[in-house]
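Notes for the one structure printed next.
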Amino acid sequence: VIDKPSGMASHGGSGVSHGAIELMRAARPNEHLELVHRLDRDTSGVLVFAKTRAGLTGLQAAIREGQVVKQYLCLMVGHPSKAKFNVNAPLAKSVLQGGERMVRVSDNGKPSLTFFQEMEQYPGARLMQATLGTGRTHQIRVHASHIGHPLAGDPKYGDKEANKRFRDRGLHRLFLHASHMGFELDGRSYGFSAPLPEDLKSFLDVLGSKRKSAR
């Protein structure tokens, strides 16, 4: 398990020569390593690898069956009306010219469910915990945008004006961090957590100082 930094792909491909799995294999040439799941390149946090075929297939089966807890921390633009809510909206994936993936809410899409809970309040934004009910591509980002509160710093599904405001205050990436993953495998319980990266913590401190000065 690693705490993947933002900007690193999970694996090579589509213009990326190498990602986390290739770097891990290079660092541990005597081990057989497979990528269990993926994180978007801009998303930081918990990324799990398997050392055995049984570990890979067992954990991927648990993910498919909804038996794995995946939680993220994200910053939503604006103020959602409730502190706790879920977004149940089907998602469809398409590939644009040039190979870029785009996801949108569509009646023809796959069932997709995200549970959101407020963690902290900031001026013009809310720090939320997002727990996945399903694991679709870009799910949290598209669901957040769908309800009118996109994630801060999201170049694809976000609010350009809000992103510019946040960038001027020091946010230079998508504010989405895979903070926790928990599961059971072969009768054992596993739980892995990754703290919020320093760049995101520093940005929240800047936002928080604005809140204090407003008082």
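The values are calculated or read from the model by the stated rules, or taken from the named source; none is laboratory data. Here the structure is a predicted model, which means the values were calculated and not measured. Here the Cβ positions follow ideal geometry from the backbone for every residue, glycine too, while neighbour counts run over all protein chains shown. Just so you know, the surface numbers come from the protein's heavy atoms only, side chains and all, with ligands and any DNA or RNA stripped out. Shrake-Rupley method; radii C 1.70, N 1.55, O 1.52, S 1.80 Å.
So the values come out like this:
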quantity	calculated
Check on R167, assigned to a helix (DSSP H, G or I), more than 17 Å from the chain's Cα centre (by Cα) and among the basic types (K, R)	yes
Close pairs from segment 183-204: first open to solvent by less than 70 Å² (accessible area, probe 1.4 Å), partner part of a helix (DSSP H, G or I), Cβ under 7 Å, at least 6 apart	F183/L59; F183/A62; L185/G58; L185/L59; L185/A62
Residue list for segment 120-149, filter: open to solvent by less than 30 Å² (accessible area, probe 1.4 Å), of a type outside the set (K, R), without any contact (Cβ under 8 Å) to a residue 60 or more places away in the chain and in a strand (DSSP E or B)	M128, A130
Close pairs from segment 107-119: first within 23 Å of L204 (Cα to Cα), partner in a loop (DSSP other than H, G, I, E, B), Cβ under 8 Å, at least 6 apart	F115/G133; F116/P80; Q117/A83; E118/P80; E118/A83
Residues located in segment 79-107, provided they are at pLDDT below 95, touching a strand residue (DSSP E or B) at 6+ places or on another chain (Cβ under 8 Å) and outside any strand (DSSP E or B)	L96
Any hit, segment 60-70, residues being within 19 Å of V142 (Cβ to Cβ), modelled with pLDDT of 95 or more and either open to solvent by 20 Å² or more (accessible area, probe 1.4 Å) or of a type in the set (A, V, I, L, M, F, W, C) (or both)	yes
Residues located in segment 108-119, provided they are in a strand (DSSP E or B), out of contact with any Gly (no Cβ under 7 Å at 6 or more places or on another chain) and farther than 27 Å from K164 by Cα	K110
Number of positions in segment 71-98 that are buried (at least 20 other Cβ atoms within 10 Å of the Cβ) and of a type in the set (S, T, Y)	1
Subset tally (residues that are open to solvent by 90 Å² or more (accessible area, probe 1.4 Å) and in contact with a Lys or Arg (Cβ under 8 Å, 6 or more places away or on another chain)) for segment 99-114	1
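Every residue, every condition in (1) out of contact with any Ser or Thr (no Cβ under 7 Å at 6 or more places or on another chain); (2) among the aromatic types (F, W, Y); (3) touching a residue at least 24 places away in the same chain (Cβ under 8 Å), yes or no:
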site: K4; (1), (2), (3): no, no, yes
site: S10; (1), (2), (3): yes, no, yes
site: A27; (1), (2), (3): yes, no, no
site: V36; (1), (2), (3): yes, no, yes
site: V48; (1), (2), (3): yes, no, yes
site: A61; (1), (2), (3): yes, no, no
site: L73; (1), (2), (3): no, no, yes
site: G78; (1), (2), (3): yes, no, yes
site: L96; (1), (2), (3): yes, no, no
